[in-house]
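The values are calculated or read from the model by the stated rules, or taken from the named source; none is laboratory data. Values in this document were obtained by computation on a predicted structure and should not be read as measured data. We place every Cβ from the backbone using ideal geometry, glycine too, and count neighbours over all the protein chains shown.
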Amino acid sequence: MAVTTGEAGLPAALGGTAAFPEGLPLTRVEVPDREELTRRFDAVLDSGQLTNGTTVRELEEAAAEFLDVPHVVAVANCTSGLMLALQAFGVAGTRVVMPSFTFSATAHAAHWAGGTPVFAEIERDTLTLDPADAEAALAPGVGALMATHVYGTPCRVEELQKIADEAGVPLLYDAAHGLGSRRAGRPIGGFGSAEVFSLSPTKVVVAAEGGLVATHDEALAEAVRLGRGYGNPGDYDCVFPGLNARMSELHAALALVSLRSLPERIAHRTALVGAFASRVQGLPGLRLPALAPEDTSTWKDLTLILDAEAFGCGAVALADALKAEGIDSRRYFHPAVHRQKAYADLPEKRELPVTDEMAELVLTVPLWSHMDEATILKVADAAIRIQAHADQLPK
Ligand SMILES: *Cc1c(COP(=O)(O)O)cnc(C)c1O
């Protein structure tokens, strides 16, 4: 259907009827198969073993099979998984090259592992790390390269691997959004030196709180396993200062149940994004992150990229107008990490004009795995109404 902007009704911000008077949140967590979950919770509670039991092991094995990697180590959250992997790489005292257009935890993990973040640019179309700028940022004294599969879009893994190999540094993926994404048919999880997933409630597989470290490197898996338990090999003679980053048995039970229906959930999310994209096709100044035809995404987020001039208003004005419709939104990721107070005093500052520009243009709108198509189309129609009247919105 062509967009007939001239006939679009008034947006709620200008007195029209709100699309969702009852409100539409950014995300809704679905816990599938409550009966199976209850059975598993009961089994854990009956066993009397709330950590270090068999459920975490079962989750690790199920995830390793799903991801087609030999080693998966479950941890308390993605942040601690990244910290432990970076610690194992020995990044303490080194610089860690990473995108600034990511969640703050990517940089925090490097800091806590004793490294110093050095930020590199992203690509305008995919919003993932720009291999050319990452290469430019790699210099002697760099201890690791990190990249984020932003919103579930696979990074340019082949080019990044080449750059990391040439520099002789490990490549660590913040795969928080990518559990279920594929790069040319291969699951995200098997690339680089390791990939770390998040199972927190805004992600597509949930453990309430949790993370998974996936790797082909047995020694690295062993180091993360030791590190999640204080660095204690069992005799209390700790071999390095680790963390308590264990996942509990109850969290693992939730993750196991959530993981089982992941392929169906991703298929549904993909269909919803497809329906949204066809509805807004032809709308000036609005696009979605590019996904290579051979790749698949979890669509962890449905993020709009605006060309403010063509669309008629910027991300902030769109967010306000969507709010009047009852539609929640977030500026993922604004401010970019290099603009956050926590990183105001970094020793090495690189100019990041593309990151600065893209951070101004993004707005994430609601999407969840059991949303129905009518809802996503109502969000699209609200965007169409807002665009048609964008010049009248409060500036
Ligand atoms: C959610 C998220 C994290 C942090 O995950 P936790 O499991 O909450 O530690 C890290 N990186 C990205 C890109 C994220 O979105």
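Observations
- Residues in the range 17-36 that are at negative phi and under 25 Å from the mean Cα position of the chain (by Cα): 9 in all.
- Whichever residue in the range 16-46 is loosely packed, with under 12 Cβ neighbours inside 10 Å and free of Cβ contacts under 8 Å to residues at least 40 places away in the same chain and, among such residues, is nearest to K203 (Cα to Cα): R34
- Within the range 82-96, the set of residues being touching a residue at least 60 places away in the same chain (Cβ under 8 Å) and more than 10 Å from the ligand (Cβ to nearest atom) comprises L84, A85, L86, Q87, A88, F89, R95.
- Positions within the range 99-141 being among the aliphatic types (A, V, I, L, M) and farther than 16 Å from A344 by Cα, in sequence order: A109, A113, I122, L127, L129, A132, A134, A136, A137, L138, A139
- Enumerated helices (runs of 4 or more DSSP H) restricted to the range 203-302, each holding at least 2 residues that are under 28 Å from P70 (Cα atoms) and in contact with a strand residue (DSSP E or B) (Cβ under 6 Å, 6 or more places away or on another chain): 218-227
- Candidates in the range 142-166 are the residues that are touching a helix residue (DSSP H, G or I) at 6+ places or on another chain (Cβ under 6 Å) and part of a helix (DSSP H, G or I); of these, the one that is farthest from R183 (Cα to Cα) is I163.
- Pairs are defined by a Cβ separation below 7 Å, a sequence spacing of at least 6 or placement on different chains, a first member in the range 190-212 that is among the aromatic types (F, W, Y), and a second member that is part of a loop (DSSP other than H, G, I, E, B) and more than 10 Å from the ligand (Cβ to nearest atom); the pairs so defined are F197/L179.
Yes/no matrix, rows are residues, columns are (1) of a type outside the set (S, T, N, Q); (2) touching a strand residue (DSSP E or B) at 6+ places or on another chain (Cβ under 9 Å); (3) surrounded by fewer than 24 Cβ atoms within 10 Å (Cβ to Cβ); (4) assigned by TED's automatic domain parsing to the domain that holds T215:
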{"position": "N52", "(1), (2), (3), (4)": "no, yes, yes, yes"}
{"position": "L59", "(1), (2), (3), (4)": "yes, yes, no, yes"}
{"position": "L67", "(1), (2), (3), (4)": "yes, yes, yes, yes"}
{"position": "Q87", "(1), (2), (3), (4)": "no, no, yes, yes"}
{"position": "P99", "(1), (2), (3), (4)": "yes, yes, no, yes"}
{"position": "A105", "(1), (2), (3), (4)": "yes, yes, yes, yes"}
{"position": "A113", "(1), (2), (3), (4)": "yes, yes, yes, yes"}
{"position": "E123", "(1), (2), (3), (4)": "yes, yes, yes, yes"}
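- Of all residues making up the range 167-199, the number that are of a type in the set (D, E, K, R) and away from the ligand (no atom under 15 Å from the Cβ): 3
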